[in-house]
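To keep things clear, I will list the structure first and then write my remarks on it.
Just so it is clear, none of the values below were taken in a lab; they were calculated from the coordinates. Just so it is clear, the model here is predicted, and its values are computed rather than measured. Cβ: placed from backbone, ideal geometry, glycine included. Neighbour counts: every protein chain shown.
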Amino acid sequence: MDQGNYSRVAEFVLLGLSNSWEFQYFLFVFFNILYMTIVLGNLLIVLTVISEPALHTPMNIMLSNLSILDVFLATYATPKMIHDFLHEPKTISFEGCMVQIFLLHVFAGGKMVLLVVMAYDRYVAICKPLHYATIMNLCKCMGLIIGSWVIGVMHSLSQLAFTLNLPFCGPNIVYSYYCDLTLVIKLACMDTYVPELLMLLDSGLMGMISFLFLLVSYMVILVAVRRHSSAGLAKAHNTLVAHITVVTLFFGPCIFIYAWPFSNSPVDKVLSVFSTVFTPILNPIIYTLRNKDVKSAMHKLKTQYVTPSHLSSCLSQD
Ligand SMILES: *[C@@H]1O[C@H](CO)[C@@H](O)[C@H](O)[C@H]1NC(C)=O
């Protein structure tokens, strides 16, 4: 790579999701509502878990950390996309683009590992219930959560390390609403076969290894649940269905995007929207609304802070 005789592009042009003005107005409203729902829903989970000491179990701490990751995952590109619906031209600086790539891989990588950790937690709880307290305590849970962040950051740094050194000398049109590494890498002024292969291996390994772990752990759990089917395990079964749904909906699009990364198809755009905007809303819906403890804690929160009778009793006490 001869870095001497070209000037690096200053900004990239994002083509967004649509060219039609009317449709972009519609998308503006739609994604605004969706984004606010994601942020409020997930923050409500975090608030509920933090404020209720009875909910401080490894599972719920991981759940609220997953909510935080989901808020970040919904935030690294979506507000910019929403802003861009009403603005032309849709551009992003070179540095901004690299930041988006970095953040996406930190959050997505972190989420993958956290899902694996949550599956491991369920495995211990369901298959080794007598040893749960000794195997899984809050301290170990904290270590696992921090570990998933560290793996996310390392994965992301490894992707950026070679992307930053590519010669971006002119072509700067990204056929998406954010800087998607699979698309940006193709803009480099060189034969991008090797960098694309490296990127594919890097993300592919990360995704495949977590996916295999998840697949194996859920299969082991399902077999165990089937074998000793009793009333208590019906609940475990419900939890499992929730986890498997979230995992499938998150990994499905990722696998598709990376398995066909060399095409600019509209399908890719739809799938990126799906995995970065729609899956963060699943966490509140699927995990929490099926979780009785969280639901009753939310109810408690509501009666504490929202109910007028409580307000008036506060005032009369003062
Ligand atoms: C996320 O995990 C860390 C480490 O275990 C923990 O200290 C923190 O309270 C968790 N965050 C939430 C919102 O539960």
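Points to keep in mind about this one:
- Set of lysines with alpha-carbon distance to LYS295 below 20 Å, sequence-local pairs under 8 removed: LYS235
- Computed over the alpha carbons of region 141-255, Rg followed by Dmax gives 19.6, 64 Å.
- Taking Cα atoms only, the orientation of helix 193-227 departs from the longest principal axis of the chain by about 20 degrees.
- Local net charge near MET136, Cβ-Cβ under 11 Å (Lys/Arg +1, Asp/Glu -1): +2
- Net charge of neighbours whose Cβ lies under 14 Å from the Cβ of ILE92, counting Lys and Arg as +1 and Asp and Glu as -1: -3
- Under 12 Å of direct C-alpha separation, and excluding same-chain neighbours fewer than eight residues apart, LYS186 reaches these aspartates and glutamates: GLU196.
- Which of LYS269, LYS292 has the fewest Cβ neighbours within 10 Å, and the rest in rising order: LYS292, LYS269
- Dividing the alpha-carbon radius of gyration of the chain by the rule-of-thumb value 2.2 N^0.38 Å gives 1.13.
- Cβ-Cβ distance of HIS237 and THR303, R₀ of 25 Å, FRET efficiency by 1/(1 + (r/R0)^6): the value works out to about 0.20.
- Helix-derived mean residue ellipticity, 222 nm - over the chain, DSSP H n ≥ 4, -39500 (n - 2.57), to 500: -24000 deg cm²/dmol
- Distance (nanometres) between label positions extended 7 Å along Cα→Cβ at LEU86 and ILE285: 2.7 nm
- Cross-link reach is defined here as a Cα-Cα straight distance under 18 Å, omitting same-chain residues fewer than 8 places apart; for LYS90 the aspartates and glutamates meeting it are GLU11, GLU22, ASP180.
- In order through region 120-129: 3J(HN,Hα) via Karplus (6.51 cos²θ - 1.76 cosθ + 1.60), integer Hz, x for Gly, Pro: 4, 4, 5, 4, 5, 5, 8, 8, 10, x
- Residues SER7, SER67, SER156, sorted so that the one with the fewest Cβ neighbours within 10 Å comes first: SER7, SER156, SER67
- Ordered by the number of other Cβ atoms lying within 10 Å of each residue's own Cβ, fewest first, TYR218, TYR25, TYR177 fall into the sequence TYR25, TYR218, TYR177.
- Cα centroid separation - region 143-191 against region 93-123, whole Å: 13 Å
- Of HIS56, LEU104, ILE209, farthest towards positive along the dipole that unit charges on Lys, Arg, Asp, Glu beta carbons give region 8-291: HIS56
- For region 8-291, the relative contact order is 26 percent, taking Cα pairs closer than 8 Å that sit 6 or more residues apart in sequence and dividing their mean separation by the residue count.
- Highest-fluctuation residue, HIS155, HIS299, HIS243 considered, GNM on the chain with Cα pairs under 10 Å: HIS299
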